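What follows is a set of notes on a single structure, which appears directly below.
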Amino acid sequence: GYYAMTKTNKNRLVLLLGYVVLITGCLCVLLPLSWMVITSLKSMTDITLSKGLKLFPSGPTLENFANIWKEYPIATYIKNSIIAVGGSTIFGVICAALCGYGLSRYEFRGKALLLSFLLVTQMFPAVMKIIPYYKILVSLHLNNTRTGLLVVYASFGIPFCTWMMYGYFRSIPTGLDEAARVDGSSAFYTFYKIILPIALPGLVATVIYAFLQNWNEYMFASVLMSADEKKTITYAISTMADAYKIQWNYLMCAAMISSVPTLAVFTVMQKYLIAGMTAGAVKE
């Protein structure tokens, strides 16, 4: 009886410590987000004249969200981001899915070397790639264009996305492909109609990874998109703070607006992720 009580107490202590760690982690994540929301509702007078840490604004207002659309071309910045990031995500995931399926189903000379090369490309710091990318885009007359940024984002997203899809396709039994070939199905039809629906969780995870990586990217956008009308929303937010003034309420408003597409992607993709995970498939 004593041993059982001791074991129960230990389990409760471990459970309690787990809750403490989880609550602490949640607070660390939610505190900056809460501060962003609170600051976006403050006026500049409330921000500059408040003494100490003031959690709640004295006069919360939504005028900041209306004024920022008038003073800055937010709609243009968002459109630039959606074109560059959305296009690169779609193009990159299509290429990654096709490459990952081919690598998981076919054997050919140099396959191991190709897989290693895809990983090696991720080992170089991004700052080393800026000058080569810039020179290539200038030579192709794609510098300072959304198309050029789309190509850049797709190029450094495809290798890792290919590895993600390759790993997921390998978990799908090849018996499905063989059965489809016996029924006279082509390789592409087998991939598109049979294998890809089963690989929906991996596909959704890859889409989310590619979108978030490119949406939050700052360094390449700041170098390759110098014209004000071509800036992405992530780069544009950083340029709202200059040497003469920093309107923190506008910065936080822009940050909240910038987070809407990422929240939308998670909201839309979540049901497909759950559906794909619960869909039945033959396992070897």
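The values are calculated or read from the model by the stated rules, or taken from the named source; none is laboratory data. Just so it is clear, the model here is predicted, and its values are computed rather than measured. Every residue, glycine as well, gets a Cβ built from its backbone with ideal geometry; the counts of neighbours run over all protein chains shown. Note: accessible area is taken over every heavy atom of the protein model, side chains too, but ligands, DNA and RNA are not part of it. Shrake-Rupley method; radii C 1.70, N 1.55, O 1.52, S 1.80 Å.
The combined condition, being modelled with pLDDT under 90, more than 30 Å from Leu137 (Cβ to Cβ) and hydrophobic (A, V, I, L, M, F, W, C), is fulfilled by Leu273.
Per-residue answers, yes or no, for (1) open to solvent by 80 Å² or more (accessible area, probe 1.4 Å); (2) of a type in the set (Phe, Trp, Tyr); (3) at pLDDT below 90:
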residue: Ser58; (1), (2), (3): yes, no, yes
residue: Ile82; (1), (2), (3): yes, no, no
residue: Cys95; (1), (2), (3): no, no, no
residue: Leu103; (1), (2), (3): no, no, no
residue: Leu119; (1), (2), (3): no, no, yes
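Scanning the stretch 109-146 for residues that are within 18 Å of Phe211 (Cβ to Cβ) and of a type in the set (S, T, N, Q) turns up just one, Gln122. Output the residue which, of all residues in the stretch 216-231 that are more than 19 Å from Ala75 (Cβ to Cβ) and open to solvent by less than 50 Å² (accessible area, probe 1.4 Å), is nearest to the chain's Cα centre (by Cα). Filtering the stretch 216-231 for residues that are more than 19 Å from Ala75 (Cβ to Cβ) and open to solvent by less than 50 Å² (accessible area, probe 1.4 Å), the one nearest to the chain's Cα centre (by Cα) comes out as Glu217. For the stretch 64-85, what are the residues that are farther than 16 Å from Asp228 by Cα and without any contact (Cβ under 8 Å) to a residue 12 or more places away in the chain? Selection gives Ala66 alone.
Just so you know, in the stretch 232-258 the residues that are among the small types (Gly, Ala, Ser) and either within 21 Å of Arg146 (Cβ to Cβ) or in contact (Cβ under 8 Å) with a residue 40 or more places away in the chain (or both) include one that is surrounded by the fewest Cβ atoms within 10 Å (Cβ to Cβ), and it is Ser238. Here Ile195 passes the criteria (1) open to solvent by less than 30 Å² (accessible area, probe 1.4 Å); (2) under 16 Å from Ile158 (Cβ atoms) except the one numbered (2).
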